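Below: one structure, written as structure tokens.
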Amino acid sequence: MEYPAYLQEIDKAADATGGKVVSLAGGYFGVQLVADGANVVLALDLDSDQGWVAWREDQWGEQCCDSAEEVLGDCPLGELRSRALEAVAAHAHA
């Protein structure tokens, strides 16, 4: 995926999920969702074929644990929010 298309997909995901675009390291961007006093961050993996990934962060931007990244894969934008919240909740209660 070319970088301009990547940025457009991030914007579309933010619109579809009701989240906000946030800057990640190295020129990458994600979508931040507020959920139960924490944040869920969605990112589109450009380095492999994982598709969308999600993780939970505290109010300081720290991941809840080292293995917190949940792979959502290729997901329709309309389902992205619910799938991310479900995946992160399942991880938190595993």
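The values are calculated or read from the model by the stated rules, or taken from the named source; none is laboratory data. Just so it is clear, the model here is predicted, and its values are computed rather than measured. All Cβ positions, glycine included, derive from the backbone under ideal geometry; neighbour counts span all protein chains shown.
Please go through the stretch 24-57 and pick out each residue that is more than 20 Å from LEU85 (Cα to Cα) and in contact with a Phe, Trp or Tyr (Cβ under 9 Å, 6 or more places away or on another chain).
GLY27, TYR28, LEU46
Restricting to the stretch 50-73, count the residues that are at pLDDT below 85, under 11 Å from VAL40 (Cα atoms) and of a type outside the set (Asp, Glu).
Qualifying residue count for the region: 5.
When you scan the stretch 15-32, how many residues do you find that are touching a strand residue (DSSP E or B) at 6+ places or on another chain (Cβ under 8 Å) and either surrounded by 21 or more Cβ atoms within 10 Å (Cβ to Cβ) or at pLDDT below 85 (or both)?
Counting residues in the stretch 15-32 that are touching a strand residue (DSSP E or B) at 6+ places or on another chain (Cβ under 8 Å) and either surrounded by 21 or more Cβ atoms within 10 Å (Cβ to Cβ) or at pLDDT below 85 (or both) gives 4.
Results for (1) polar (S, T, N, Q); (2) more than 11 Å from the chain's Cα centre (by Cα), shown as yes or no for each residue.
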{"site": "ASP11", "(1), (2)": "no, yes"}
{"site": "ALA14", "(1), (2)": "no, no"}
{"site": "VAL21", "(1), (2)": "no, no"}
{"site": "ALA25", "(1), (2)": "no, yes"}
{"site": "GLY30", "(1), (2)": "no, no"}
{"site": "ASN39", "(1), (2)": "yes, no"}
{"site": "ALA43", "(1), (2)": "no, no"}
{"site": "ASP47", "(1), (2)": "no, yes"}
{"site": "ARG56", "(1), (2)": "no, no"}
